[in-house]
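All remarks here apply to the structure that follows.
Just so it is clear, none of the values below were taken in a lab; they were calculated from the coordinates. Fair warning: this is a prediction, and the values are worked out from it, not measured in the lab. All Cβ positions, even for glycine, are placed from backbone atoms using ideal geometry, and neighbour counts span all protein chains on display.
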Amino acid sequence: MILPENYCVSDQCLIVLLVFFIFYITLFPTYFGLPAKEPEDSKITLRPCPNPDCIRCRAYKSAQKKALKRLPHLTSEWKRNNPGNKYLPQIGRVLEGVRSGPPPLTPKRNSARNNAEGQFPTVLFIPRLAVHCVATSLHQQICDFLMSKSRIQIMLKEYLKSQIYEESWCTNDVGALKAYSQNQLWQVFYMMNQGSWLQENTSMCRNTYSILQELPQNKLMEKSMFGNIFFSVLYPGTKIEEHCGPTNVRHRLHCPIYVPSTSPHEDPKLSVSGNILGWKERSPFVFDDSLVHSAEYPDNDQAEVRVVLVLDLWHPSLTHDEKKLITDLYPSSCQD
């Protein structure tokens, strides 16, 4: 490098100071009133449902509008029953969550939303609610009850029986941007759909329904639109894209009923925020489906399906009052 003749130490100092200033402003942009640059890996691409006529998506969109309309009336009721602002500690975070709406996919740095990394529920986000990627230990009693061999056999038998009634089965959109396999298929048989028991379907699975009635009913999300119970069937060659559930007020339990041996092929798997969970018969597990999750059943030549009973459970940190208010704000379609 050739320096000009009039170059002096003071010029050198200015250059050093300029370099230091640029370096400092890059590290701490907000200190100078500039917007912080979001790290590339902080932006998660979650594709919206491709079906414009999706009943569930339309129900969720209208549910948020209706909840906001109900909120003033229900808040007034709580005030009357709990004078002196005593109601706020009981339901304050629910009110905050409903008013704020779900967190955006690209939140600003230092956002006060407090959602965990990869947590983007699409309808309702309650702040300051503990996040458990795998929450099995929090629902151990229910898992232990369901893992009984005799109960699994009952559910498997009634699942096979339900296959006769094709009209009662729904085909879910797997969300693939392009065909992963020509065989891909994800089907569900609802016993509870968005908080309402489906009498026609439970009558086909009477013994399974009886088993479900033995569970602590305050754990199930009956009468809330966020509550579902269904058989979930995944076919080989199916890939379900990354997505988030509608809310963080629920935990989702998977009770494997039939898991085929895929050796030497790759086993079907569920990924929750980068944690890989596998299905094993008589090994129920629970996860937070407000976190980004996806499922994949690699294609193979055996054509055997994976069958799971799925139950939505209340987040155990919610109080009775909070659950009641959430149910009143987001009721099942039968009560709306």
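Summary value for the range 136-327: 26 percent relative contact order, contacts being C-alpha pairs under 8 angstrom separated by 6+ residues. R0 = 30 Å: FRET efficiency of Ser100 with Gln199, Cβ-based, nearest 0.05? The value I calculate is 0.25. Roughly how many nanometres apart are two label points built 7 Å out from the Cα toward the Cβ at Asn183 and Arg93? For Asn183 paired with Arg93, the spin-label model returns 4.5 nm. With all pairs of different C-alpha atoms in the average, the Kirkwood value for the hydrodynamic radius of the range 136-327 is 17.1 Å.
Computed from the Cβ-Cβ distance with R0 of 56 Å, the FRET efficiency linking Lys65 to Glu304 stands at 0.80. Each other residue within a Cβ distance under 14 Å of Leu212 adds +1 if Lys or Arg and -1 if Asp or Glu, for a net charge of -1. Each of Asp144 and Trp169 was given a label point 7 Å from its Cα along the Cα-to-Cβ line. The distance between the two points is 3.5 nm.
Between the C-alpha center of the range 65-86 and that of the range 206-262 there is a gap of 32 Å. The label point for Asn114 and the one for Thr319, both projected 7 Å from the Cα toward the Cβ, are 1.5 nm apart. By the gyration tensor of its Cα atoms, with a ≥ b ≥ c the square roots of the eigenvalues, what is the shape of the range 150-260: rounded for a/c under 1.5, prolate for a/b over b/c, or oblate? Here the range 150-260 falls in the oblate category.
Close amide H partners of Gly245, meaning residues 5 or more places away or on another chain with modelled amide H under 5 Å apart, are Ser290, Leu291. Each peptide in 204-212, 324-332 gets a packing score, the mean of other Cβ atoms within 10 Å over its residues, and the list from highest to lowest is 324-332, 204-212.
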